[in-house]
Amino acid sequence: MRVVFLGAPGVGKGTQADRLAVQYQVAKISTGDLLREAVRNRTALGLAAKSYMDQGSLVPDSVVIGLVREKLADPSCVNGFILDGFPRTVPQAEALGTVLVAKGIALDRVVNFQVSREDVVRRLSGRRSCQKCQATFHVDFAPSKMDGVCDRCGEPLVQRSDDRREAIETRLKVYDEQTAPLVRYYDERRLLFPMDASAGVDAVFQHLSQELAQYRAI
Ligand code: AMP
């Protein structure tokens, strides 16, 4: 299974990618997670990426393309992979195409998650994450048992700096201008699968699994 998850921030790509990766034993490659890890570890990459991320802007293409190229070479990707949040620009999609051709493989599907703008803002502004184990919650839709405390590891929950309202506006504008053109890009290549992601996590997962079951490794 070699798939790309496309869609605006807050549509639930990460949640679905986590579940699918476990169920089908494929690698999840989330550029957002990789960059946040680099920021936490204060690596040179993290320091360079932080200001872009805090504002809700995109990190330069060359940086994320290098990260993904490295990950795709990892043995954990032999069964397949889910790319979550990459590509986000046409040059990134072209670079991905080149890397896959060089490996003699191709994408099976590009899932385009769709949720109304109102819901996206509600999902992002109420999201809370654990800085230690990366578990995510939502103040209304998936609250932790104890307010502000992670159910999984007991550490405090925080709001991601880019889930603040000003950054959300920037991220949605960046999505419209730079990422939305990928819908057409992949539709023209007959890879696009539109996915209504407005239902609950379980219903969306069931629909997604049905569509992608044909690509699972045997
Ligand atoms: P995400 O967790 O996917 O919402 O990503 C969080 C932030 O990481 C984004 O707002 C960008 O600043 C950065 N980022 C993640 N993926 C990419 C990408 N493919 N290209 C550029 N920047 C990215």
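The values are calculated or read from the model by the stated rules, or taken from the named source; none is laboratory data. All figures in this text were calculated on a predicted structure; none of them were measured in a lab. A quick note on method: Cβ atoms are made from the backbone with ideal geometry, for glycine too, and the neighbour counts reach across all protein chains shown.
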Next item on the list: Output the number of the condition that residue 198 fails; it satisfies all remaining conditions of (1) outside any loop (DSSP other than H, G, I, E, B); (2) closer than 13 Å to residue 7 by Cα.
Entry: (1)
Notebook entry, point to check: Looking only at the stretch 143-163, which residues are away from the ligand (no atom under 14 Å from the Cβ), outside any loop (DSSP other than H, G, I, E, B) and in contact (Cβ under 8 Å) with a residue 12 or more places away in the chain?
Noted result: 156, 157, 158
Next item on the list: State whether the residues of the stretch 129-146 include one that is surrounded by 13 or more Cβ atoms within 10 Å (Cβ to Cβ), closer than 30 Å to residue 109 by Cα and of a type in the set (Lys, Arg).
Entry: no
Item checked: Residues (at pLDDT 95 or above and surrounded by fewer than 19 Cβ atoms within 10 Å (Cβ to Cβ)) located in the stretch 74-98 -> 90, 91, 94, 97, 98
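Conditions tested, residue by residue: (1) in contact with a Leu (Cβ under 7 Å, 6 or more places away or on another chain); (2) within 27 Å of residue 49 (Cα to Cα).
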{"residue": "130", "(1), (2)": "yes, yes"}
{"residue": "136", "(1), (2)": "no, yes"}
{"residue": "152", "(1), (2)": "no, no"}
{"residue": "158", "(1), (2)": "no, yes"}
{"residue": "174", "(1), (2)": "yes, yes"}
{"residue": "193", "(1), (2)": "no, no"}
{"residue": "207", "(1), (2)": "no, no"}
Notebook entry, point to check: Which residue pairs have Cβ atoms closer than 9 Å, lie 6 or more positions apart in sequence or on different chains, and pair a first residue in the stretch 80-96 that is closer than 13 Å to residue 14 by Cα with a second residue that is of a type in the set (Ser, Thr, Tyr) and in a helix (DSSP H, G or I)?
Noted result: 82/24; 83/31; 84/31; 85/31; 86/31
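Yes or no, residue by residue, for (1) surrounded by fewer than 19 Cβ atoms within 10 Å (Cβ to Cβ); (2) touching a residue at least 24 places away in the same chain (Cβ under 8 Å); (3) not in a helix (DSSP H, G or I):
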{"residue": "167", "(1), (2), (3)": "no, yes, no"}
{"residue": "173", "(1), (2), (3)": "yes, no, no"}
{"residue": "178", "(1), (2), (3)": "yes, yes, no"}
{"residue": "182", "(1), (2), (3)": "no, yes, no"}
{"residue": "187", "(1), (2), (3)": "yes, no, no"}
{"residue": "190", "(1), (2), (3)": "yes, no, yes"}
{"residue": "194", "(1), (2), (3)": "yes, yes, yes"}
{"residue": "202", "(1), (2), (3)": "yes, no, no"}
Check: Which strands (runs of 3 or more DSSP E) sit wholly inside the stretch 17-126 and have at least 1 residues that are of a type outside the set (Gly, Ala, Ser) and more than 16 Å from the ligand (Cβ to nearest atom)?
Finding: 109-114
Note to self: The conditions are (1) closer than 30 Å to residue 55 by Cβ; (2) in contact (Cβ under 8 Å) with a residue 24 or more places away in the chain; (3) not polar (S, T, N, Q), and residue 215 fails exactly one of them. Which is it?
What the structure shows: (1)
Check: Assuming residue 13 fulfils every condition listed in (1) surrounded by fewer than 21 Cβ atoms within 10 Å (Cβ to Cβ); (2) basic (Lys, Arg); (3) within 12 Å of the ligand (Cβ to nearest atom) apart from one, which condition is it?
Finding: (1)
Notebook entry, point to check: If you scan the stretch 130-161, which residues turn out to be closer than 20 Å to residue 200 by Cβ and of a type in the set (S, T, N, Q)?
Noted result: 136, 144
Check: Does residue 54 satisfy being surrounded by fewer than 19 Cβ atoms within 10 Å (Cβ to Cβ), farther than 27 Å from residue 212 by Cβ and either touching a strand residue (DSSP E or B) at 6+ places or on another chain (Cβ under 6 Å) or of a type outside the set (Phe, Trp, Tyr) (or both)?
Finding: yes
